[in-house]
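In what follows, a single structure is set out as structure tokens and then discussed.
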Amino acid sequence: MALYSEKVMDHFRNPRNVGVIENADGVGEVGNPVCGDIMKIYLKIDNDVVTDVKFETFGCGSAIASSSMATELIKGKPVSEVLQLTNKAVVEALDGLPAHKLHCSVLAEEAIKKALKDYYDKNGIEYDKSLFPDCDSCAHCCDQ
């Protein structure tokens, strides 16, 4: 059995939504000091719907594939639905990741949540703080 699924390889070789959104409504950046991955997500939100999403990722193929897939999963979705995105959903959409690469999907989830928190903060929108765990170092995800 191959280490990476065809979907992981496709999103690594042909990543979707790469780039920067100037004047983004929300930006989230996370990094993992252990493996060196850095992920930045940009959101454009209109009428409570993510109308555009872009990413920049410095990291391994699993990090790039996770970023790409996560953006595909949230584009066009209402913010309330985007808040429900989990790293497990990203992994399932990619048809799996090796256990030692699961932290890449965690980074994608956390970058999106940071971007949403940034959007809420910029616009003075109240939110449930428990939905946005403080995870600047993401050290916990490398224990998986």
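Please work out which residue is surrounded by the fewest Cβ atoms within 10 Å (Cβ to Cβ), limiting yourself to the stretch 34-44 and to residues that are modelled with pLDDT of 95 or more and in contact with a helix residue (DSSP H, G or I) (Cβ under 6 Å, 6 or more places away or on another chain).
Leu43
Looking at Val82, Val90, which one is within 19 Å of Met9 (Cβ to Cβ) and buried (at least 18 other Cβ atoms within 10 Å of the Cβ)?
Exactly one residue qualifies, and that residue is Val90.
Name the single residue that is surrounded by the fewest Cβ atoms within 10 Å (Cβ to Cβ) among those in the stretch 1-33 being closer than 30 Å to Asp121 by Cβ and among the charged types (D, E, K, R).
Restricting to residues being closer than 30 Å to Asp121 by Cβ and among the charged types (D, E, K, R), the top hit is Glu22.
Surrounded by 16 or more Cβ atoms within 10 Å (Cβ to Cβ) and in contact with a Cys (Cβ under 8 Å, 6 or more places away or on another chain): does that describe Cys60?
Spelling it out, it is not the case that Cys60 is surrounded by 16 or more Cβ atoms within 10 Å (Cβ to Cβ) and in contact with a Cys (Cβ under 8 Å, 6 or more places away or on another chain).
Among Asp46, Asp52, which is the only one that is without any contact (Cβ under 8 Å) to a residue 12 or more places away in the chain and charged (D, E, K, R)?
Asp46
Kindly indicate whether any position in the stretch 111-129 is over 22 Å from Asn23 (Cβ atoms), surrounded by fewer than 23 Cβ atoms within 10 Å (Cβ to Cβ) and touching a Leu at 6+ places or on another chain (Cβ under 7 Å).
No; the residues of the stretch 111-129 include none that is over 22 Å from Asn23 (Cβ atoms), surrounded by fewer than 23 Cβ atoms within 10 Å (Cβ to Cβ) and touching a Leu at 6+ places or on another chain (Cβ under 7 Å).
The values are calculated or read from the model by the stated rules, or taken from the named source; none is laboratory data. Just so it is clear, the model here is predicted, and its values are computed rather than measured. For neighbour counting, all protein chains shown are included, and Cβ atoms are generated from backbone atoms with ideal geometry for every residue, glycine included.
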